[in-house]
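Read through the structure below, which is laid out as structure tokens, and then see the notes.
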Amino acid sequence: MTETLTHKLRTGTNHEHRKIEQTPFMRALASGTLPVAAYVAQLRGYILLHAALDGRAARATDPAIRAVWRDDLVKAPLLEADLAHFGRARPASLAELDATARAIDELDEASALPPRLLGWLYVTEGSTLGGAFLRPIVARAYGLEGDHGTRYYAPYGTAAAQHWAGVKQRLDAAVQPADHDAVVAEACRAFRAISSVCSAIAIHEEFHQQYALAAE
Ligand code: HEM
């Protein structure tokens, strides 16, 4: 039997997933010790990234992207609601903006070479699985009630598994075997780009905290 695209994606990006999970940012997020300013900065970076990804995917004319994308995958409005919950946050740092702009450049390059963009969709949709696990930790860490401030982390509520199964089915049906390697390579690139955004936030936050302590 020929290997499916989603099986190749899972095995081909496994090392990137392990790497991102082990970053100081994700370790702090998963242990409920990430400062709230860094959490909000992540939402701020992600909303720019998702405004680009949602828009490129929704407007795509490539048949494979059209077959996978559905309007209920849109994430920017969830991030907007989460950001609104936190009100006015500290302005973005230059490093954070720079890393996000570079990630969007890479996403743009991918969207110019469809169906590579599906590598990004795989990564962001797959991340909702970890999000379901992280959401209660985040809510406890920042004293958030209901889904206030955590809508992005639980976009599908209790239907996360069904959503993921649907995305995988559509990915497997839509992408030609000749394009599989390019989509897997793009997914690895997306993991690294997202990791760079979070690292830029973590480094800025660490500096900010040390500076604040030194100034006391
Ligand atoms: C502390 C952070 C994270 C934790 C604890 C975590 C946890 C998980 C878990 C439990 C799964 C389900 C695994 C399975 O069904 O076998 C998963 C899947 C996945 N996660 Fe994460 N995750 C984290 C961060 C991320 C991030 C930041 C991204 C992307 C930027 C990401 C992308 C994915 C993808 C694409 C999958 C699907 C893998 C597949 O093909 O089955 N994860 N994650």
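Quick look at the values:
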| read-out | value |
| --- | --- |
| Rounded to 10°, Cα long-axis angle of helix 36-59 versus longest principal axis of the chain | 20 |
| Net +/- balance of residues flanking Glu16 in space, Cβ distance below 12 Å, scoring K and R +1, D and E -1 | +3 |
| Selection of GluC sites (Glu not before Pro), region 1-81, meeting DSSP coil and at most 12 other Cβ within 10 Å | Glu3 |
| Exposed trypsin sites (Lys or Arg not before Pro) absent: longest stretch of the chain, with sites in DSSP loops and at most 15 other Cβ within 10 Å deemed exposed | 89-216 |
| Spin-label model distance (nm) - Glu3 vs Gln210, 7 Å beyond Cα toward Cβ | 4.2 |
| Per residue Cα convex hull volume in Å³ - calculated over the chain | 115 |
| Those GluC sites (Glu not before Pro) in region 105-210 that DSSP places in a loop and that have at most 14 other beta carbons within 10 Å | Glu145 |
| Compactness of region 20-70 as Cα Rg over 2.2 N^0.38 Å, two decimals | 1.58 |
| Computed helical MRE - 222 nm, the chain, DSSP H runs ≥ 4 contributing -39500 (n - 2.57), nearest 500 | -25000 deg cm²/dmol |
| Tensor-based shape of region 72-138 (alpha-carbon gyration tensor, a/c under 1.5 rounded, otherwise prolate or oblate) | oblate |
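Computed from the coordinates by the stated procedures, all read-outs in this text should not be read as laboratory data. The shown structure was predicted, so the numbers you read here are calculated from the model rather than taken from an experiment. Note that we place each Cβ from the backbone using ideal geometry, even for glycine, and neighbour counts take in every protein chain shown.
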